[in-house]
Amino acid sequence: AQTVTQSQPEMSVQEAETVTLSCTYDTSESNYYLFWYKQPPSRQMILVIRQEAYKQQNATENRFSVNFQKAAKSFSLKISDSQLGDTAMYFCAFMKHQGGSEKLVFGKGTKLTVNP
Amino acid sequence: DAGVIQSPRHEVTEMGQEVTLRCKPISGHNSLFWYRQTMMRGLELLIYFNNNVPIDDSGMPEDRFSAKMPNASFSTLKIQPSEPRDSAVYFCASRKGGGSYNSPLHFGNGTRLTVT
């Protein structure tokens, strides 16, 4: 079974600085997808960024970028120029496709606090 | 696009009572997922449907839990009888399945269930 590990339960960063959240996963699949979701105090789950395993180029969405290391099974999220609104829980997620299965497996999350 | 709509937003009930959670997926999405979120276990997939058919219900905790999807625009998750350990936030999510497996999950705002 696939597992997703986020080793940092909590992190904090000063406004305008850069922070990196780590994520590792375990799979024997060669083709899969990785996601980062954000959950602010409002409880809503918001997609931040996604990466396809067969693409070597790291995904980027404005201030958010990933460092995808397929051999190491690592998928870290970098937030540049942190803003107060980035304060939230961040979840790393893995999805394989095999035999019609579309299960999205989540890590336990990292609570990020951006300080003014 | 109204997004995934869940009701109720909050539910407080007594142990032993029946609880029904409701979900309306995004129009055109053919895959629907029910997740449960707790502090201890994080986000757990309970069940998911593809084209209204249950594909994987291995995450359903026990026979007290049941889920239905009578049509493409409505799903329910029922707990009967409810127990205090069922207290959690229950999320419904949908996506457009099929060929593009990087299509992300869109989440509803969740139902916070408290069983006393």
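If packing is taken as the average count of other Cβ atoms within 10 Å, what order do A:87-93, B:9-15 fall into, highest mean first?
A:87-93, B:9-15
Would you work out the charge dipole size for chain A about its Cα centre, treating the Cβ of every Lys and Arg as +1 and the Cβ of every Asp and Glu as -1, and quote it to the nearest 20 debye?
260 debye
Relative contact order of region A:56-116: what whole-number percent is it, with Cα pairs under 8 angstrom and at least 6 residues apart?
After rounding, I find 26 percent.
Within a 10 angstrom radius of the beta carbon, how do B:ARG36, A:ARG50 rank from fewest other beta carbons to most?
Least crowded to most crowded, the residues run A:ARG50, B:ARG36.
Two decimals is fine: what is log10 I(q)/I(0) at q = 0.13, 0.16, 0.19 Å⁻¹ for chain A, from a Debye sum with one equal scatterer on every Cα and no solvent?
Values returned for q = 0.13, 0.16, 0.19 Å⁻¹ are -0.47, -0.70, -0.96.
Rg over Rh of the protein assembly as shown, using C-alpha atoms and the Kirkwood radius, what does it come to?
In the protein assembly as shown, Rg relative to Rh is 0.97.
Please list the equivalent ellipsoid semi-axes of region B:46-116, computed as the square roots of five times the alpha-carbon gyration tensor eigenvalues, in descending order and whole angstrom.
Sorted largest first and rounded, they come to 24, 14, 11 Å.
Sort out for me the Cα centre separation of region A:1-25 from region A:37-112, rounded to whole Å.
Taking the Cα centre of region A:37-112 as reference, the centre of region A:1-25 is 10 Å away.
In nanometres, what is the gap between the two model label sites at A:GLU17 and B:SER7, each 7 Å from Cα along Cα-to-Cβ?
In this crude spin-label approximation the distance works out to 4.6 nm.
Would you tell me the mean number of C-beta atoms belonging to other protein chains that fall within 10 Å of each C-beta in B:50-56, as a whole number?
Mean number of neighbouring Cβ atoms from other chains: 2.
Where a number appears in this text, it was derived from the coordinates with a stated rule and is not lab data. Please read all numbers here as calculations on a predicted model, not as lab measurements. Neighbour counts are summed over all protein chains in view; Cβ atoms, including those assigned to glycine, are modelled from backbone coordinates with ideal geometry.
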